[in-house]
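Below you'll find the structure, written out as structure tokens, and then a few comments.
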Amino acid sequence: MTLRNDYIELFFSYILAEKRLSQNTFFAYKTDIEQLVSFLKNNHIAISQCGPEQLKLFLKFSFKSNFGL
């Protein structure tokens, strides 16, 4: 497991245990984060370089992917 994945797994543990999110909310967050990480990897963008512009690109990509635009 990479350091990046360690931090993501720690975040998942935190939101599940500390924030006491419902299972549905937890899985929605988890799916969104996994899709973001995949998008960044596929576009050769380091997580440390992810900012507002990269998030906008991800949201645009997600919207097109989900709605076939």
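Can you report the number of residues in region 34-48 which are open to solvent by 70 Å² or more (accessible area, probe 1.4 Å) and either under 20 Å from N66 (Cα atoms) or modelled with pLDDT of 90 or more (or both)?
Within region 34-48, residues that are open to solvent by 70 Å² or more (accessible area, probe 1.4 Å) and either under 20 Å from N66 (Cα atoms) or modelled with pLDDT of 90 or more (or both) number 6.
What are the pairs with Cβ atoms under 7 angstrom where one residue, in region 21-37, is closer than 19 Å to L10 by Cβ and among the hydrophobic types (A, V, I, L, M, F, W, C) and the other, located anywhere, is part of a helix (DSSP H, G or I) and open to solvent by 60 Å² or more (accessible area, probe 1.4 Å)? Sequence gap at least six, or different chains.
From region 21-37, the pairs are F26/L16.
Working only within region 1-33, note down all residues that are open to solvent by 90 Å² or more (accessible area, probe 1.4 Å), in a helix (DSSP H, G or I) and not hydrophobic (A, V, I, L, M, F, W, C).
R4, Y7, Y14, Q23, N24, Y29, listed by residue number.
The values are calculated or read from the model by the stated rules, or taken from the named source; none is laboratory data. Small disclaimer: the values here were computed from a predicted structure and weren't measured. Cβ: placed from backbone, ideal geometry, glycine included. Neighbour counts: every protein chain shown. Please note that ligands, DNA and RNA were not included when accessible areas were found on the heavy atoms of the full protein model with its side chains. Shrake-Rupley method; radii C 1.70, N 1.55, O 1.52, S 1.80 Å.
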